[in-house]
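Report on one structure; see the data block that follows.
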Amino acid sequence: MNAIQIQEVTKMFGGVAAVNDLSLSIPEGSIYGFIGPNGSGKTTTMRMIVGILRPDRGSIAVPGEKTNGVPIGRIGYLPEERGLYRKMRLRTLLEFHGELRGGLDVSGEVTEWLQRLGLAEWADKPVEALSKGMSQKAQFIAAVLCRPPIVILDEPFSGLDPVAAETLREAILELRRRGTTVVLSTHDMPTAEAMCDFIFMIFRGRKVLDGSLAEIQEMYGSDIIRLSTANGSVGGGHDFSGLPGVEQVRDLGQVQELRLARGSDPQLVLRELVSRTQLTSFALAKPSLHDIFLRIAGPASAGAPEVTNETPAS
Amino acid sequence: MRRLPHKILLIAKRDYLAAIQTKAFLIGLVIAPILFGGGVMTSVIAKRRPDIRPRRIAVLDHTGVAAGPVIASIQRLNQMELHDPKTGHQVMPEYSFETIASDPGDPNAQRLELSQRVRNGELFGFLEIGPGALHPTPAMRADPAAGLTWYSSEGGVGEVRQWLAAPVNDALRRIRLAELGVDKSRFNEVLANIGLQGMDLVSRDARTGQFRTGKRDYIGGTAVPVAMALLLTMIVIMTSAPMLPAIAQDKMQRVHEMLLASATPSELIRGKVLAAIWQALTTAAVYLVGAPLALKALDMSDLMPVHLLPWLIVYLIAEVTILSAMAAALGAACGSPQDAQSLNFVLIAPVIVPLIMLSQVIQQPGGSLATGLSLFPLFTPIVMLIRQASPGGVPAWQPWVGLAGVVLVTTAITWLAARVFRIGILMQGKAPRVSELVRWAVRG
């Protein structure tokens, strides 16, 4: 069962297609990660799901609902641009948001979330007294009050310190355990890999990736060699660029990543490496989401493999 | 899912409490009446506490015969009006005079010298009786100095000048009558002045059949409509004008995007309008409780237009609805706080324009200009209220037709404002062009 069904949606801004012919099926109870460069259409897509923007073409619906679009109140939304009424006291503000979503008595739930996210001491302080991280946690609480079945989080981790980010990550996973469908956008690829059941990448308004991490990596194959050498960094003093069968070399400090050219034999590359340096580790791996992101949207991008609107997730 | 109005009420409650709990609101409650009604109050207080310091006036007489009778005439009137006949309190200054003989050589030098004495505070002013004052001719209009001229530093409309005109002319007429050989004992009969009493139009009581009329209260007939118009304008501006920068500020702080996931733009804007109405009614309640007390203190209780208070409330709600919906739309369209300041003038135009036309409407409340303005929905609340408060009132159908127009326009503006609000509130960085605003309003 899908929580949200996006069908051939296009949204134009001044003659430019911010989102172009997008179809997406977001399964119920999953964490769906939206990735893509800035300005690629993630926020526009999220705003259309929430109902703040209307598609110029296509439809967005919740299967089983009689109305077009996602009914207001079924979605909790944390926008990318954070903003709260600064003069209101935190508890009053959260209760206002909860009641606005339809809650009758949300004070208990507010207390529970404030304690869970370490904001209980700040409950009676005005919002303007909170730090940026605390404000973000407060806004997260406002987004998830009244247990909406769908939660949209636009870059929930941006600007958070590691401790706060971990707290929020645990809270999001708790939401999924309760059966909530979570759609989140992030620029942090390891987070997307670790948290998301499905990953959708949008680039210049078009869908370029959609599926589970394994499915996406499968499309690219195992074309990455990760190695380390006895002499440490920078390939033990060796420059691996120009190595036969290697398309790109990425030095990560203690580890080097070599991207194989299409059709090249890893065994031949290994022999060549052994002849040049003393390897301490060698592994053939699938590309990380970060690699895939850069291959599609990086400066030397080769574009994306053809992705149809028939998504693996559907 | 809760019923739709619940969200509107929640938004209204939040905005209302946020608005009335500010110091600005409480200070505005006190300051606004002082700013709007300060002039009127000052005038009333000035009437009650007149300046009774003695005043000296010089009379520069070019006729050689008029100064004495003129001074005597002024002093007679001065003594008659010097004290309030009821209380016995002195209510005007006592005037003293000095006669200045005309210097035929250099009259301007003489005037300069007297002017200097006025500037020095020795004289309150000087009256110049020109050579033609006793026997005026049409040709004298080209040379005011040939007739009567008054030099002083008094401001305003020149109350003393107006007050002097009657006794001075009375004295001159008596001299002319004497020259004509009229019996002196008949001067008062000839010069008797009969006031022209204004009356209300006659009406007949439908139940008793009795005719009704009464003395026209010209002061009340002007003061009541002006006061009603000022009260309505004041509350509307106090309520609606702060909304535009407040919404623009909320937009800059990006507080609306999250709300839009829980409420529609229409619900948000209707909540904000409802909050503005509550705020206006709160303000009105304060003033409407205070007004009778103030009128009683000023001994003007009979001026309280109780029968118009329901209309005042209806028009107040209508005008606040229109302006606060416009404020929401314009605030959402602002790209910066400076935009909000500039657009505030556009916002309050519907209440400022009627005030600019106030004089014409009050002088001719039944005229075509006043009638037309009162049936133009944006101006109906203030202009119709002025006309209703004016003596003679308006035909019974006109307030209802005006109100119907207001309801239609209010509905349309609220609907269009919600469409502009939905798009504008998410735009950051630049203010939209007028053509874009129109496109948002039309296409949504």
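What helices in chain B pass both tests, a Cα length along the helix axis of 30 Å or more and a mean Kyte hydropathy of -0.5 or higher, using whole DSSP H runs? Intermediate results must be reported in sequence, preceding the final value.
Values: long enough: B:23-48 (34 Å, 1.46); B:159-180 (32 Å, -0.12); B:218-240 (33 Å, 1.83); B:265-297 (48 Å, 0.94); B:309-333 (35 Å, 1.85); B:397-424 (40 Å, 1.12).
Within chain B the helices that satisfy the rule are B:23-48, B:159-180, B:218-240, B:265-297, B:309-333, B:397-424.
Ordered by packing density, taken as the mean number of other Cβ atoms within 10 Å over each peptide's residues, highest first, how do B:242-249, B:412-419 rank? Each step should come with its number before you reach the end.
Working: B:242-249: 22.9, B:412-419: 19.9.
Final packing ranking: B:242-249, B:412-419.
Enter the angle in degrees (range 0 to 90, nearest 10) between the Cα long axis of helix A:266-276 and the first principal axis of the Cα atoms of chain A, meaning the one along which they spread out most.
Relative to chain A, helix A:266-276 is tipped by roughly 60 degrees.
Hey, got a sec? Which trypsin sites (Lys or Arg not before Pro) in segment B:198-232 land in a DSSP loop and have at most 13 other Cβ atoms within 10 Å?
Working: sites: B:Arg204, B:Arg207, B:Arg212, B:Lys215, B:Arg216; in loops: B:Arg207, B:Arg216.
For trypsin sites (Lys or Arg not before Pro) across segment B:198-232 that sit outside H, G, I, E and B with at most 13 neighbouring Cβ atoms in 10 Å, the list reads B:Arg207.
Can you tell me the dipole magnitude for chain A around its Cα centre, using point charges on the Cβ only (Lys, Arg +1; Asp, Glu -1), in Debye to the nearest 20? Don't jump to the answer; show the numbers that get you there.
On the way: 33 positive and 37 negative charges, 116 e Å.
Dipole magnitude for chain A comes out near 560 debye.
With a ≥ b ≥ c taken as the square roots of the eigenvalues of the C-alpha gyration tensor of segment B:51-191, please select rounded if a/c is under 1.5 and otherwise prolate if a/b is larger than b/c or oblate if it is not? Write out the running numbers ahead of the final one.
On the way: a/c = 1.95, a/b = 1.05, b/c = 1.86.
Oblate, since a/c reaches 1.5 and b/c is not below a/b.
Kindly report the accessible area of segment A:222-285 per residue (heavy atoms of protein chains, probe 1.4 Å, no ligands, DNA or RNA), in Å².
On the way: 3600 Å² over 64 residues.
Per-residue value: 56 Å².
Among A:Leu78, A:Ile6, A:Gly118, whose Cα projects farthest towards the positive end of the dipole of segment A:1-134, with charges put on the beta-carbon of Lys, Arg (+1) and Asp, Glu (-1)?
A:Leu78
Only Cα pairs within less than 10 Å get springs; with that Gaussian network setup on chain A, which residue of A:Arg250, A:Arg169, A:Arg295 has the largest fluctuation?
Checking each option, the largest mean-square fluctuation is seen for A:Arg250.
From zero up to wherever the largest Cα-Cα distance of segment A:119-179 sits, split into 5 Å bins and tell me the percent of pairs in each.
The calculated distribution, bin by bin, is 4, 16, 29, 24, 18, 8, 1.
What is the Cα coordinate range of segment B:88-133 on the first, second and third principal axes, sorted by size from largest, in whole angstrom?
Sorted from largest, the Cα extents of segment B:88-133 read 47, 27, 12 Å.
Over the alpha carbons of the protein assembly as shown, what is the largest minus smallest coordinate on each principal axis, giving the biggest first in Å?
144, 72, 49 Å, listed from the longest principal axis down.
Nearest 100 Å², what total accessible surface is buried between chain B and chain A (probe 1.4 Å)?
Working: alone 24780 and 15070 Å², together 37260 Å².
Approximately 2600 Å² gets buried when B meets A.
Can you give me the pair-distance distribution of segment A:222-285, C-alpha pairs, 5 Å bins, whole percents?
4, 21, 37, 28, 10, 2
Enter the mean number of other protein chain beta carbons within 10 Å of the beta carbon of each residue in A:77-89, as an integer. All intermediate terms of the calculation are to be shown ahead of the outcome.
Values: counts 6, 3, 8, 2, 7, 5, 10, 4, 7, 4, 3, 4, 0.
Going residue by residue through A:77-89 and averaging, the value is 5.
In whole angstrom, how far apart do the alpha carbon centroids of segment B:131-196 and segment B:311-382 sit?
So the two Cα centres are separated by 47 Å.
Of A:Leu84, A:Leu268, A:Leu168, which has the largest mean-square fluctuation in a 10 Å C-alpha GNM of chain A?
Largest GNM mean-square fluctuation: A:Leu268.
With a 1.4 Å probe and all protein chains left in place, how much accessible area per residue does chain B have, in Å²?
Working: 23410 Å² over 444 residues.
Per residue, chain B has 53 Å² of solvent-accessible surface.
For n ≥ 4 DSSP H runs only, could you compute -39500 (n - 2.57) per run for chain A, divide by its residues and tell me the 222 nm figure to the nearest 500? Intermediate values should be presented prior to the final figure.
Details: 10 runs with 98 residues, N = 314.
When only DSSP H runs of four or more count, the value is -9000 deg cm²/dmol.
Using a 1.4 Å probe on the protein chains only, how many percent of the accessible area of chain B belongs to carbon and sulfur? The partial results should precede the final answer.
Numbers: 14670 of 23410 Å².
Using a 1.4 Å probe with all protein chains present, chain B comes out at 63 percent carbon and sulfur.
Please identify the GluC sites (Glu not before Pro) of segment A:138-213 that satisfy two criteria: DSSP loop assignment and at most 11 other Cβ atoms within 10 Å. Which are they? Walk me through the intermediate numbers first.
Values: sites: A:Glu166, A:Glu170, A:Glu174, A:Glu193; in loops: none.
When the GluC sites (Glu not before Pro) of segment A:138-213 are filtered for loop state and at most 11 Cβ neighbours within 10 Å, nothing remains.
Once you've got the GNM for chain B with C-alpha springs shorter than 10 Å, pick whichever of B:Val118, B:Val273, B:Val406 has the biggest mean-square fluctuation.
Maximum among the listed residues: B:Val118.
If all Cα-Cα distances of chain B are sorted into 20 Å bins from 0 onward, what percent lands in each bin, rounded to whole numbers?
Going out from 0 Å in 20 Å bins, chain B shows 20, 37, 28, 14, 1 percent.
As a test of the formula, what do you get for chain B when each DSSP H run with n ≥ 4 contributes -39,500 (n - 2.57) and the sum is divided by the residue count, at 222 nm and rounded to the nearest 500 deg cm²/dmol?
Details: 17 runs with 274 residues, N = 444.
Helices in chain B give a 222 nm mean residue ellipticity of -20500 deg cm²/dmol.
The values are calculated or read from the model by the stated rules, or taken from the named source; none is laboratory data. Computed from a predicted model, the values in this text were never measured in an experiment. Cβ sites come from the backbone with ideal geometry, for glycine too, and all protein chains shown count toward neighbours. All accessible areas refer to the heavy atoms of the entire protein, side chains included, with ligands and DNA or RNA removed. Shrake-Rupley method; radii C 1.70, N 1.55, O 1.52, S 1.80 Å.
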